[in-house]
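Undergrad: Attaching a single structure in structure tokens format; questions to follow.
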Amino acid sequence: MLIVMLACIGCEWRMRSDLVQSDSSSFVERYDKIEAFFLASGDFSALQQMQTRYPVETRRLIEDVLQLGKVDDVNIKSRFYIYFQDSTLQALIAEVGRQYEDFSDLDEQLEDAFSRLNELVPGADIPKVYTQISSLDQSIVVDSGQLAISLDKYLGADYPLYHKFGYTDRQRSMMERDYIVPDCLGFYLLSLYSIPDTLNRDVHMGRIQHVVNTVLDQRIFENDFVRQAEELTASGCSFTDLLKNK
């Protein structure tokens, strides 16, 4: 714990600067940075910035993801801060900061991917995308045109905490940086085109995975259901009709 806190003190001025300055050219909002600063330092002015600059994101994180209570509860600031003071969670915050200090590659990939998705599926408007730290809760949260990426779920298959908390080999294999963009596209499409009652779940997921493969021009997902979806679009079915089960 002492090492983590000393590291935070050492980078305090840089982090403060990050909170004040916002790169308007970035596609993804780095909400995780201001969140991490508050959770590591206890500086309540940072929480005030979270609530002022990101009121919807902060409410969603506290109320829906972490389920700590209402964001306007009298003691919610302390409750939110104390929740993350466990040494394990402090180490998680520090690791997110280390691995995702530079997000420029993913920022560019996500902007290109959602632009391409909008071309292939006109009904898929480009969401507002931001990053957060969610204490190993949901990887991707989609709600009301916003998409949140929980960076603490993408620290690599060999990250020790994932072993400690019992994630399977298959689960950990997908908790890699390279899966952020495919997961964002897949979960976003699922939020727009939920599984129809008349269609098998695996069939529908195969269709979504086929769209993701096409957007990224990679064979990230490979199974019989993806191949069935490929045959449908090859025969002239549009991606929109494919997802709508027409």
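The values are calculated or read from the model by the stated rules, or taken from the named source; none is laboratory data. Keep in mind the model is a prediction, meaning the values are calculated, not measured. Cβ sites come from the backbone with ideal geometry, for glycine too, and all protein chains shown count toward neighbours. Ligands, DNA and RNA are stripped out before the accessible areas are found, and what is left, the full protein with its side chains, is counted by its heavy atoms. Shrake-Rupley method; radii C 1.70, N 1.55, O 1.52, S 1.80 Å.
Undergrad: Looking at the range 115-144, I want the residues that are touching a residue at least 60 places away in the same chain (Cβ under 8 Å) and farther than 16 Å from residue 58 by Cα and have a partner that is of a type in the set (A, V, I, L, M, F, W, C) and part of a strand (DSSP E or B) with Cβ atoms under 8 Å, at least 6 apart or on another chain. Which pairs are those?
TA: Every condition considered, the pairs that remain are 127/142; 127/147.
Undergrad: Would you tally the residues in the range 67-101 being in contact with a Lys or Arg (Cβ under 9 Å, 6 or more places away or on another chain), in contact (Cβ under 8 Å) with a residue 40 or more places away in the chain and not in a loop (DSSP other than H, G, I, E, B)?
TA: Counting residues in the range 67-101 that are in contact with a Lys or Arg (Cβ under 9 Å, 6 or more places away or on another chain), in contact (Cβ under 8 Å) with a residue 40 or more places away in the chain and not in a loop (DSSP other than H, G, I, E, B) gives 3.
Undergrad: Follow-up. Looking for whichever is closer than 29 Å to residue 108 by Cα and outside any helix (DSSP H, G or I) here; the options are 172, 207, 219. Which one fits? Lay out the reasoning, then the answer.
TA: Details: 172 fails: outside any helix (DSSP H, G or I); 207 fails: outside any helix (DSSP H, G or I).
Step by step, each of 172, 207, 219 is checked, and only 219 is closer than 29 Å to residue 108 by Cα and outside any helix (DSSP H, G or I).
Undergrad: So, one more: Inspect the range 179-196 for any residue being more than 11 Å from the chain's Cα centre (by Cα), of a type outside the set (A, V, I, L, M, F, W, C), surrounded by fewer than 15 Cβ atoms within 10 Å (Cβ to Cβ) and modelled with pLDDT of 95 or more and give the result as yes or no.
TA: Scanning the range 179-196, I find no residue that is more than 11 Å from the chain's Cα centre (by Cα), of a type outside the set (A, V, I, L, M, F, W, C), surrounded by fewer than 15 Cβ atoms within 10 Å (Cβ to Cβ) and modelled with pLDDT of 95 or more, so the answer is no.
Undergrad: Looking only at the range 35-92, how many residues end up being open to solvent by less than 60 Å² (accessible area, probe 1.4 Å), closer than 23 Å to residue 161 by Cα and not hydroxyl-bearing (Ser, Thr, Tyr)?
TA: Of the residues in the range 35-92, 18 are open to solvent by less than 60 Å² (accessible area, probe 1.4 Å), closer than 23 Å to residue 161 by Cα and not hydroxyl-bearing (Ser, Thr, Tyr).
Undergrad: Hey, another quick one. In the range 222-237, how many residues are more than 27 Å from the chain's Cα centre (by Cα) and within 24 Å of residue 109 (Cα to Cα)?
TA: Step one: list which residues in the range 222-237 are more than 27 Å from the chain's Cα centre (by Cα), which gives 224, 227-228, 230-237.
From the residues that got through so far, the ones that are within 24 Å of residue 109 (Cα to Cα) too are 230.
Here the count works out to 1.
Undergrad: Could you please find all residues in the range 93-131 being of a type in the set (Ser, Thr, Tyr) and either modelled with pLDDT under 95 or touching a helix residue (DSSP H, G or I) at 6+ places or on another chain (Cβ under 6 Å) (or both)?
TA: We begin by selecting, within the range 93-131, every residue of a type in the set (Ser, Thr, Tyr); these are 100, 104, 115, 130-131.
100, 130, 131, listed by residue number.
Undergrad: Further question: Among the residues of the range 46-65, is any in a helix (DSSP H, G or I), hydrophobic (A, V, I, L, M, F, W, C), on the phi < 0 side of the Ramachandran plot and more than 19 Å from the chain's Cα centre (by Cα)?
TA: Keep residues of the range 46-65 that are in a helix (DSSP H, G or I), which gives 46-53, 55-65.
Of the ones still in play, those that are also hydrophobic (A, V, I, L, M, F, W, C) are 46-47, 50, 56, 61-62, 65.
Remaining after also requiring on the phi < 0 side of the Ramachandran plot: 46-47, 50, 56, 61-62, 65.
Retained after the next criterion (residues that are more than 19 Å from the chain's Cα centre (by Cα)): 46-47.
Checked against the condition, which is being in a helix (DSSP H, G or I), hydrophobic (A, V, I, L, M, F, W, C), on the phi < 0 side of the Ramachandran plot and more than 19 Å from the chain's Cα centre (by Cα), the range 46-65 yields at least one hit.
Undergrad: Among the residues of the range 199-246, which ones are without any contact (Cβ under 8 Å) to a residue 60 or more places away in the chain and among the β-branched types (Val, Ile, Thr)?
TA: Passing the criteria: 203, 208, 212, 220, 226, 233.
Undergrad: Let me ask something else. Going residue by residue through the range 198-214, is there one that turns out to be out of contact with any helix residue (DSSP H, G or I) (no Cβ under 6 Å at 6 or more places or on another chain), of a type in the set (S, T, N, Q), surrounded by 12 or more Cβ atoms within 10 Å (Cβ to Cβ) and within 27 Å of residue 145 (Cα to Cα)?
TA: Residues of the range 198-214 that are out of contact with any helix residue (DSSP H, G or I) (no Cβ under 6 Å at 6 or more places or on another chain), as a first pass: 198-201, 204-205, 213-214.
Next, from what is left, pick out any that are of a type in the set (S, T, N, Q): 198, 200, 213-214.
This time we only want the ones that are surrounded by 12 or more Cβ atoms within 10 Å (Cβ to Cβ), so: 213-214.
Of the ones still in play, those that are also within 27 Å of residue 145 (Cα to Cα) are 213-214.
Checking the range 198-214: at least one residue is out of contact with any helix residue (DSSP H, G or I) (no Cβ under 6 Å at 6 or more places or on another chain), of a type in the set (S, T, N, Q), surrounded by 12 or more Cβ atoms within 10 Å (Cβ to Cβ) and within 27 Å of residue 145 (Cα to Cα).
Undergrad: Consider residue 225 carefully, then state whether it is within 21 Å of residue 183 (Cα to Cα) and either open to solvent by less than 50 Å² (accessible area, probe 1.4 Å) or outside any helix (DSSP H, G or I) (or both). Lay out the reasoning, then the answer.
TA: Details: within 21 Å of residue 183 (Cα to Cα): yes; either open to solvent by less than 50 Å² (accessible area, probe 1.4 Å) or outside any helix (DSSP H, G or I) (or both): no.
No, not satisfied.
Undergrad: Tell me which residues, restricted to the range 189-198, are more than 30 Å from residue 108 (Cα to Cα) and either assigned to a helix (DSSP H, G or I) or touching a residue at least 12 places away in the same chain (Cβ under 8 Å) (or both).
TA: 196, 198
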